[in-house]
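Novice: Pasting a structure here, questions to come.
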Amino acid sequence: MTDISFAWSALGGDPGLVERVTLVEREGVLTARLPVRDLARACVGACALAAAELAARRTEAAEVPAVGVDDGAVAAAFASERHLLVDGRAPVSFAPLSRFWRTADGWVRAHANYPHHRARLLTALGLPPGAGEGEDGTAAAVAAVESALAGRSALDVEETVYAAGGLAVALRTPEEWAAHPQAAEVAARPLVERTRLDTARARVLAPLDGPVALPAAGLRVLDLTRVLAGPVATRTLALLGADVLRLDPPHLPELADQHADTDFGKRSAVLDLTTGREVLESLLADADVVVTGYRPGTLDRFGLSPEALAERRPGLVVAQVSAWGGYGPWGGRRGFDSLVQVATGVAAAEGTDGRPGALPAQALDHGTGYLLAAAVLRALTEQSHEGGSRLVRLALARTAAWLTGSAGPGAVVRSEPGAPYEGPGPWLCETDSRIGRLRHAGPPVAFTGGPTDWARPPGPWGTDEARWS
């Protein structure tokens, strides 16, 4: 069993504060063979507790506010991208080629949601990069990929597609993953890596003022993340009052529905880091937190390694999230939640009758995202006492190791029974925005006196100015 106390310990929190958490338990939430429900509770609960702790610090409260974790809110939030409606239209979560495929000796899962990943997958398989495009082309593309994979081994496909810059991972059992050198590297790291980079002076946080405690108010967060785990983290920091500016390269637009789901509370701008160095430096000069979610090492050439950032901006908090971790033989590989589930044995554990399965939500992404936000909040609290620039790092593969049982439980929090979970309805909201009428999951992070919704809905991708508000 996973629980809040283990996650809180991994964040360096005071064990005694876990008693401030109360859980509302509901039957039928995130049902799976693996303890997904427990992981989701733990990640959201630890994040809410980190937010409450920082709020107490900034309000000079005698005790940390009480934290509530409701299974219903957690379940809705962990599937937020599935519950989203834009003007009544449901998004498409996965493109047709992003799926499991049979090989000669097993299964692989490909990820081809983005056009460039789709083209690389097809090229790696000896197919034209534009194969199957057009109104009636999907079935033809699926058939072509099925034929190309039928006579090849899963591991061969994995390596061939990776070499072409695409994304495909062979299905492994938990035992097969445990024997992989990347698994050993992942297991050797803590769930949350926390490093003090220098001896910068203690952070002075202005007292909070107002009826709602926004523990991240006044803090500027530069969001250099994509897809899900990183954007979930920065969406949470925006909920808690941070000024979050997301930057994307102009040549890689975010998927519109993904942006609509994860950019609540933020502003969205585009910036070419090669030609826009002056703008980037001006943003970094006033940033308090930098969150990155690109493949490890990708941003280093722009002077965005943690060490380089701390040297230019002492007192900065740098938060990094990756699929496999920034170490080991897979440290430089791209990855997504669905692929990490396949490689680490999660998909095999959830499968039936020899076919791979999947978790009831992209729990590695969402769980890691809430932990990343929690790690930032805890770093800010620690800085206010001890100083020092901080680096926090998480990896989806390390969260998967926790889920599959490599970490034991701690103390169980107080709980009270709630009505059975009969769907996300009570935890869904409707909001008007510049991109349409949005139905969306509400935030699951809750503590007494804290915010209950984001200050602003998302706007069109990339249309804000690349400057602080």
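The values are calculated or read from the model by the stated rules, or taken from the named source; none is laboratory data. Not measured: the values here are computed from a predicted model. For neighbour counting, all protein chains shown are included, and Cβ atoms are generated from backbone atoms with ideal geometry for every residue, glycine included. With ligands, DNA and RNA removed, areas are computed over all heavy atoms of the protein, side chains included. Shrake-Rupley method; radii C 1.70, N 1.55, O 1.52, S 1.80 Å.
Novice: Look at residue 46 and say whether it is more than 16 Å from residue 444 (Cα to Cα) and either aliphatic (A, V, I, L, M) or open to solvent by less than 20 Å² (accessible area, probe 1.4 Å) (or both).
Specialist: no
Novice: Do we find a residue being at pLDDT 95 or above, crowded, with 21+ Cβ neighbours inside 10 Å and touching a Gly at 6+ places or on another chain (Cβ under 6 Å) anywhere in segment 306-313?
Specialist: Among the residues of segment 306-313, not one is at pLDDT 95 or above, crowded, with 21+ Cβ neighbours inside 10 Å and touching a Gly at 6+ places or on another chain (Cβ under 6 Å), which makes the answer no.
Here is a yes/no grid of residues against (1) among the hydroxyl-bearing types (Ser, Thr, Tyr); (2) open to solvent by less than 20 Å² (accessible area, probe 1.4 Å); (3) without any contact (Cβ under 8 Å) to a residue 24 or more places away in the chain; (4) within 27 Å of residue 452 (Cβ to Cβ):
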{"residue": "337", "(1), (2), (3), (4)": "no, yes, no, no"}
{"residue": "342", "(1), (2), (3), (4)": "no, yes, no, no"}
{"residue": "352", "(1), (2), (3), (4)": "yes, no, yes, no"}
{"residue": "375", "(1), (2), (3), (4)": "no, yes, no, yes"}
{"residue": "388", "(1), (2), (3), (4)": "no, yes, no, no"}
{"residue": "392", "(1), (2), (3), (4)": "no, yes, no, yes"}
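Novice: To continue, here is another question. Which one is modelled with the lowest pLDDT among residues in segment 199-250 that are over 17 Å from the mean Cα position of the chain (by Cα) and among the charged types (D, E, K, R)?
Specialist: Across segment 199-250, the extreme among qualifying residues is 209.
Novice: What about residue 125, is it more than 30 Å from residue 12 (Cα to Cα), more than 23 Å from the chain's Cα centre (by Cα) and among the aliphatic types (A, V, I, L, M)?
Specialist: yes
Novice: Given the criteria loosely packed, with under 15 Cβ neighbours inside 10 Å and at negative phi, does residue 178 qualify?
Specialist: no
Novice: Do any helices (runs of 4 or more DSSP H) entirely within segment 339-409 hold 3 or more residues that are closer than 18 Å to residue 318 by Cβ and among the hydrophobic types (A, V, I, L, M, F, W, C), and if so, which?
Specialist: So the answer is 363-386.
Novice: Select from segment 391-414 the residues that are modelled with pLDDT of 95 or more, among the polar types (S, T, N, Q) and either closer than 16 Å to residue 173 by Cα or touching a strand residue (DSSP E or B) at 6+ places or on another chain (Cβ under 6 Å) (or both) and list them in ascending order.
Specialist: Residues satisfying the conditions do not exist here.
Novice: Between 261, 272, which is among the acidic types (Asp, Glu) and open to solvent by 50 Å² or more (accessible area, probe 1.4 Å)?
Specialist: 272
Novice: Say whether the condition of being in contact with a His (Cβ under 6 Å, 6 or more places away or on another chain), within 30 Å of residue 170 (Cα to Cα) and either open to solvent by less than 30 Å² (accessible area, probe 1.4 Å) or assigned to a helix (DSSP H, G or I) (or both) is met by at least one residue in segment 92-102.
Specialist: Taking segment 92-102 first, the residues in contact with a His (Cβ under 6 Å, 6 or more places away or on another chain) are 98.
Add one more test, that the residue is within 30 Å of residue 170 (Cα to Cα), and what stays is 98.
From the residues that got through so far, the ones that are either open to solvent by less than 30 Å² (accessible area, probe 1.4 Å) or assigned to a helix (DSSP H, G or I) (or both) too are 98.
Looking through segment 92-102, at least one residue is in contact with a His (Cβ under 6 Å, 6 or more places away or on another chain), within 30 Å of residue 170 (Cα to Cα) and either open to solvent by less than 30 Å² (accessible area, probe 1.4 Å) or assigned to a helix (DSSP H, G or I) (or both).
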